Amino acid sequence: MRATPPTALTRRALGLAAFATTALTALRPDIAFADGFSVSGRRGPFLKQVAQRHFDPRGSGTGAMGLASDAVNLGRYQAARIRMPQTEAKVAELMANLDNQWPYAKGGPLQVQILGLPYYNAYSLPDGSIVVAFGLLDGSKSDDEVAFVLAHELGHVRLNHFAHQPNTEQERAHLASSMGQFLTIASALPIGGAPGAALSAANQAGATNDLIHFMANVMVEPSHTPDQEDEADCIGYDLSQKASYSPDAATARVFDTIQADQVQRSQTVDDLNKHLDTKLSQAVTPSTAQSILSNGGRTSLLESAGLFALSAAASGSGGHAQPQHRPPEERKRGIAQYSAEAYPQGAPLRDEQHSWLDSVRGSAEYQQGRIAVRSVTDAKLARANGRYGEADAALDRAAHTSFAYSPLVLNEAARLADDKGDQTMAAHFFEAANKNPDQTVDGYVDFVQMLYRHGQNDRANQVIQEGVARFNNDWKPFIALMIAVARQEGRDDQVQSYLHTCQGYNNDNLTRDCRLAAGQSAEAPPAQAPHIPSSLPFSIPHF
């Protein structure tokens with residue numbers, strides 16, 4: 001018998017202690033597991049239990065490929081991507097080691113992408129992309145943590161979980177534009193109170209809404225059922241332990257850290273919502289907004305701002321970051337139960353490993369990435385709170401890294417320049433970001449919003465054209481802006497035509513934005529309209 005390191009014995013004892021909380025359920029099959037964990041290990045590792053499933057090597061099904069098309073062509077899931085070739089190669093190497101443990105058909109090749117976010121998370125897409133937030137690499141304590149998280153996501157891909165997505169509308173709901181942002185700003189028009197104070201409050205409201213929109217949409221995982229999440233947990237356990245990692249040591253820390261990260265983000269969003277409400281009340285009060293609406297001499301833009309203020313006062317202005325997984329205690333109990341049942345003799349005892357993480361973090365590329373990600377994160381929060389000096393200093397740190405010309409940095413620099421009243425510099429930054437292959441839909445939308453707010457409609461229409469052509473000829477992210485531009489120019493027929501098209505997408509958030517852009521109440525029920533596919537039966541005019 002081989003000697004067992006004391007640290008491994010200690011971890012095994014902790015694992016058995018965790019399992020003791022579910023011993024009654026494990027021994028009494030007539031008692032349902034209290035928290036609903038659905039994968040039994042009584043026939044051995046789940047990796048063996050799925051042997052009779054059909055694994056289609058051609059892909060994950062038509063619905064899944066629709067999601068893949070949205071993800072890749074619309075740039076929705078790469079909204080903060082940064083190119084880190086050395087780091088991506090290291091992650092791909094780890095992924096390949098895990099994938100080598102999968103004994104069945106595999107489908108297409110895997111792809112690794114890094115998001116410049118401080119979040120401790122990762123997700124997978126049906127095209128084989130494994131999207132890793134920088135914060136997972138920066139916040140993990142061991143190689144085993146990263147291996148389990150990646151193996152979990154690999155489980156979703158190899159088990160064809162995307163084939164069972166009913167449709168892509170749940171994901172497309174996050175594609176709604178942030179029209180409320182520029183409607184709150186109302187250009188530089190004085191709306192209640194002193195003009196300077198109103199403008200400052202409006203700018204901060206727009207910046208705060210920017211960050212809320214970013215946090216709510218930048219890392220939106222495809223929806224999986226609880227059973228699928230349970231299966232991915234168990235496959236993640238199997239693959240990582242077969243690849244010589246220690247899932248017993250890693251899983252509890254992973255679940256707790258993911259939960260803590262989500263709670264922190266949710267609290268940040270709650271705080272930002274309170275700040276947004278304050279700034280909205282300073283920029284546009286319901287009473288002054290109603291006065292604006294009754295004043296026929298005001299511009300359509302100002303009327304739209306008043307409508308948004310009334311809508312915000314009635315329904316609240318923000319949202320919450322919703323957890324994507326079961327609570328950590330439930331997942332820990334489930335994995336403890338599964339481990340004891342699937343490996344009755346005990347999984348191999350191993351010390352946690354660190355050599356892979358050490359090699360990743362030791363590169364100059366990684367150190368530069370850490371500075372850039374932390375600096376942009378700091379800049380976003382400072383800008384949302386009107387601390388422009390701090391935001392400038394943070395972006396200056398990012399500008400001195402190798403990621404200075406990434407859209408992650410350039411787009412934020414453009415938004416900050418716009419807030420400070422330097423539209424020429426803001427346009428310069430947006431245009432530089434547009435030349436980058438990783439530029440995002442949000443970058444184009446924000447550029448168009450800025451141009452619209454400053455009456456540069458010809459250039460706004462041109463950027464819309466460029467964005468639509470770049471992102472799969474899809475008009476959805478721009479349709480509300482098209483309505484706003486057409487309304488400002490007095491093209492009422494086009495306003496109604498675009499509004500009809502917008503309602504046809506059957507997306508409540510997008511319909512709300514379109515109605516606001518058209519100068520209508522967001523709460524009024526929209527007119528019934530048939531569903532209109534992306535290839536419209538009538539032509540959108542070329543600007």
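Annotations
- In sequence order, calculated HN-Hα J values of region 127-138 (Karplus, 6.51, -1.76, 1.60; Hz; x Gly/Pro): 7, x, 7, 10, 9, 10, 6, 4, x, 5, 5, 7
- Protection proxy ranking, highest mean first, for peptides 454-467, 231-244: 231-244, 454-467, where packing is the per-residue count of other beta-carbon atoms within 10 Å, averaged.
- Accessible area per residue, Å², region 202-252 with all protein chains present, probe 1.4 Å: 21 Å²
- Segment A469-R53, length gained on full extension (0.36 nm per residue, minus Cα span): 145.7 nm
- Ignoring aspartates and glutamates fewer than eight residues from K48 along the same chain, the ones with Cα atoms less than 20 angstrom from its Cα are D56, D99, E153, D227, E229, D230, E231, D233, D238, D248, E341.
- Highest average packing first - 137-148, 98-109, Cβ atoms within 10 Å: 137-148, 98-109
- Once the chain from N506 to S223 is taken as fully extended at 0.36 nm per residue, the excess over their C-alpha distance is 100.0 nm.
- Separation of region 112-126 from region 463-477 is 25 Å, based on Cα centroids.
- Less than 5 angstrom separates the built amide H of Q111 from those of S129, I130, all sequence-distant by 5 or more or on a different chain.
- Whole-percent pair-distance distribution, where bins are 5 Å wide, for the alpha carbons of region 361-498: 2, 11, 18, 19, 17, 13, 11, 5, 3, 1, 1, 0
- Remark: for residue pairs K332/K476; K106/K332; K90/K435; K141/K476; K274/K435, the C-alpha separation exceeds 30 Å in K332/K476; K141/K476; K274/K435.
- Two-site label geometry, Q423 and Q111: point separation in nm, points 7 Å out along Cα→Cβ: 3.7 nm
- Taking each residue as 0.36 nm, the span from S359 to K141 lengthens on full extension beyond its C-alpha to C-alpha distance by 77.1 nm.
The values are calculated or read from the model by the stated rules, or taken from the named source; none is laboratory data. As the structure is a computational prediction, the values presented were derived from the model and not from experiment. Every residue, glycine as well, gets a Cβ built from its backbone with ideal geometry; the counts of neighbours run over all protein chains shown. Heavy atoms of the whole protein, side chains included, go into the accessibility calculation; ligands, DNA and RNA do not. Shrake-Rupley method; radii C 1.70, N 1.55, O 1.52, S 1.80 Å.
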